[in-house]
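Have a look at the structure below before the remarks.
The values are calculated or read from the model by the stated rules, or taken from the named source; none is laboratory data. As the structure is a prediction and not an experimental result, all values here were calculated from the model. Here the Cβ positions follow ideal geometry from the backbone for every residue, glycine too, while neighbour counts run over all protein chains shown.
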Amino acid sequence: MSPETFSSLFLAAAALTLFARLVLMKRQIGHVRAHREAVPPPFAESISLESHRKAADYTVARMQLGTIDAAIGTAYVLALTLGGGLQAIHDLLAGTFATGSLAHGVALLAALGIAGWAIELPFALYRTFGIEKRFGFNRMTPGLYLADLAREAMLAALIGLPVLAAVLWLMGAMGERWWLWVWLFWLAFNLLALFIWPTFIAPLFNKFTPLADEALKARVEALLARCGFRSRGLFVMDGSRRSAHGNAYFTGFGAAKRIVFFDTLLEKLRPEEVEAVLAHELGHFHHRHIWKRLSVISAASLGLLWLLGWLMGQAWFFAGLGVSPASAGTAVALALYALALPCFTFPAAPLMSYWSRMHEFEADAYAARQTRAADLAQALVKLYRDNASTLTPDPLYSSFFDSHPPAALRVARLRSAS
Ligand SMILES: [Zn+2]
């Protein structure tokens with residue numbers, strides 16, 4: 001392939017992906033607005049018109065920001081590749097670090113990471129202090145925001161930089177089959193992260209206290225025993241420090257599993273509803289959804305790393321993405337790949353979303369068997385209402401982006417099960 005052909009292919013893929021995302025978001029905005037004035041019948045008794053309108057406005061506000069974000073993101077990727085931005089960063093750093101050295105590679109990728117973060121920062125700020133605040137969800141103070149940024153930067157430096165260095169070293173030192181070694185390293189790192197996240201990283205950001213409510217604890221423990229599930233403790237997390245959105249989740253695996261409830265979830269739901277939400281989460285474990293996801297992601301990343309190995313041998317890959325063949329190296333290849341790949345993988349989004357929605361239905365069905373389906377339905381309705389999630393998403397938008405089935409479908413299935 002000639003570099004010009006690959007440039008054209010890449011440009012076409014980037015343009016098509018952006019176009020598809022903009023069309024989908026426009027459809028979502030139109031659909032939500034068209035249904036703003038009427039609560040869908042299944043929710044008419046539990047959700048007021050006022051809450052329904054709020055959910056519509058909240059969805060539209062986030063979509064509008066998403067539209068600008070998508071456009072700027074694409075412009076950024078094109079500026080770094082075809083616009084010669086990556087080449088310029090490469091040359092600039094060559095003044096300080098020897099070209100082709102490990103330090104040069106790590107500096108290049110770190111610079112790219114910082115640039116990407118800086119581009120995203122205004123959007124993140126507006127999301128938190130503009131939209132979330134306007135709709136009454138934000139509880140984050142500017143001070144806490146800065147403290148979070150400092151902690152994230154520290155983690156990125158302490159963990160991210162050594163990982164990047166290790167990957168670049170493996171790519172350079174392991175010969176033709178480096179992609180297999182990088183894959184093994186990546187797998188090991190991910191498994192390690194699963195272990196250290198709950199005990200070392202998450203406590204840097206939130207406080208975890210053992211669940212104190214004895215009645216709820218007894219109820220949850222009875223559910224765990226019924227489901228044959230062992231855990232290393234029930235914790236309440238101070239999610240309310242940052243946001244009014246509620247949630248529950250599991251971390252860790254094996255006997256080290258922890259169950260974490262957001263304090264905001266416990267405030268909103270009755271004990272039997274909390275139990276039903278937890279039963280849904282247990283359903284994900286029962287059906288081994290986490291392991292299935294990890295297997296697919298691992299297999300896909302092995303394929304993608306192999307593909308990168310092949311692309312690195314093709315001169316058109318570098319020249320076609322705006323880097324001179326003389327600057328072609330492991331770090332540049334990794335950077336180009338990370339920038340260009342999402343433009344080509346967008347068509348896979350509906351497949352992954354579909355798979356995820358099937359898992360949600362399976363977990364709901366499990367919860368309906370272990371607890372009362374009506375309690376889960378009631379809990380979901382409260383969460384949709386309090387999180388201002390739209391009840392009327394555009395079906396096509398939903399099929400691309402929604403990891404959870406539309407509210408109406410989930411609740412209808414649960415109501416027919418009870
Ligand atoms: Zn779920």
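For this structure, a couple of remarks:
- Considering the conditions (1) without any contact (Cβ under 8 Å) to a residue 24 or more places away in the chain; (2) within 28 Å of Arg139 (Cβ to Cβ); (3) touching a Leu at 6+ places or on another chain (Cβ under 9 Å), Trp181 is excluded by exactly one of them, (2).
- Selection status of Ala299, away from the ligand (no atom under 16 Å from the Cβ), among the hydrophobic types (A, V, I, L, M, F, W, C) and under 18 Å from the mean Cα position of the chain (by Cα): no
- Residues that are acidic (Asp, Glu) and free of Cβ contacts under 8 Å to residues at least 12 places away in the same chain were ranked within segment 1-54; the one that is farthest from Ala315 (Cα to Cα) is Glu45.
- Check on Leu282, over 30 Å from Val381 (Cβ atoms) and in contact with a Phe, Trp or Tyr (Cβ under 7 Å, 6 or more places away or on another chain): no
- Applying the criterion of at least 3 residues that are over 21 Å from the mean Cα position of the chain (by Cα) and more than 15 Å from the ligand (Cβ to nearest atom) to the helices (runs of 4 or more DSSP H) found wholly in segment 317-397 leaves 330-345, 373-386.
- For His404, the criteria (1) under 20 Å from the mean Cα position of the chain (by Cα); (2) more than 14 Å from the ligand (Cβ to nearest atom); (3) not aliphatic (A, V, I, L, M) hold in every case but one, which is (2).
- Among the residues here, Ser356 does not qualify as exposed (fewer than 15 other Cβ atoms within 10 Å of the Cβ) and closer than 20 Å to Leu278 by Cα.
- Of all residues in segment 8-22, those satisfying the criterion of being out of contact with any Ser or Thr (no Cβ under 7 Å at 6 or more places or on another chain) and surrounded by fewer than 19 Cβ atoms within 10 Å (Cβ to Cβ) are Ser8, Leu9, Leu11, Ala12, Ala13, Ala15, Leu16, Phe19, Ala20.
- Options Thr74, Thr59: the member that is surrounded by 19 or more Cβ atoms within 10 Å (Cβ to Cβ), under 22 Å from Ser240 (Cα atoms) and either touching a strand residue (DSSP E or B) at 6+ places or on another chain (Cβ under 9 Å) or of a type in the set (Val, Ile, Thr) (or both): Thr59
- Segment 364-401, residues that are under 28 Å from Ala349 (Cα atoms) and hydroxyl-bearing (Ser, Thr, Tyr): Tyr366, Tyr384, Ser389, Thr390, Thr392, Tyr397, Ser398, Ser399
- Residue match in segment 10-26 (condition: under 12 Å from Thr59 (Cα atoms), modelled with pLDDT of 95 or more and assigned to a helix (DSSP H, G or I)): yes
- Residue match in segment 154-170 (condition: at negative phi, surrounded by 13 or more Cβ atoms within 10 Å (Cβ to Cβ) and out of contact with any helix residue (DSSP H, G or I) (no Cβ under 8 Å at 6 or more places or on another chain)): yes
- Neighbours by Cβ (under 8 Å, 6+ apart or cross-chain): first from segment 273-299, farther than 15 Å from Lys257 by Cα; second among the β-branched types (Val, Ile, Thr) and within 11 Å of the ligand (Cβ to nearest atom): none
- Selection count, segment 40-66, where residues are farther than 16 Å from Pro393 by Cα and part of a helix (DSSP H, G or I): 3
- Residues satisfying the stated conditions in segment 79-101, i.e. in contact with a Gly (Cβ under 9 Å, 6 or more places away or on another chain), buried (at least 18 other Cβ atoms within 10 Å of the Cβ) and assigned to a helix (DSSP H, G or I): Leu80, Gly85, Leu86, Gln87, His90
- All positions within segment 120-134 that are crowded, with 16+ Cβ neighbours inside 10 Å and either within 25 Å of Ala328 (Cα to Cα) or free of Cβ contacts under 8 Å to residues at least 60 places away in the same chain (or both): Phe123, Thr128
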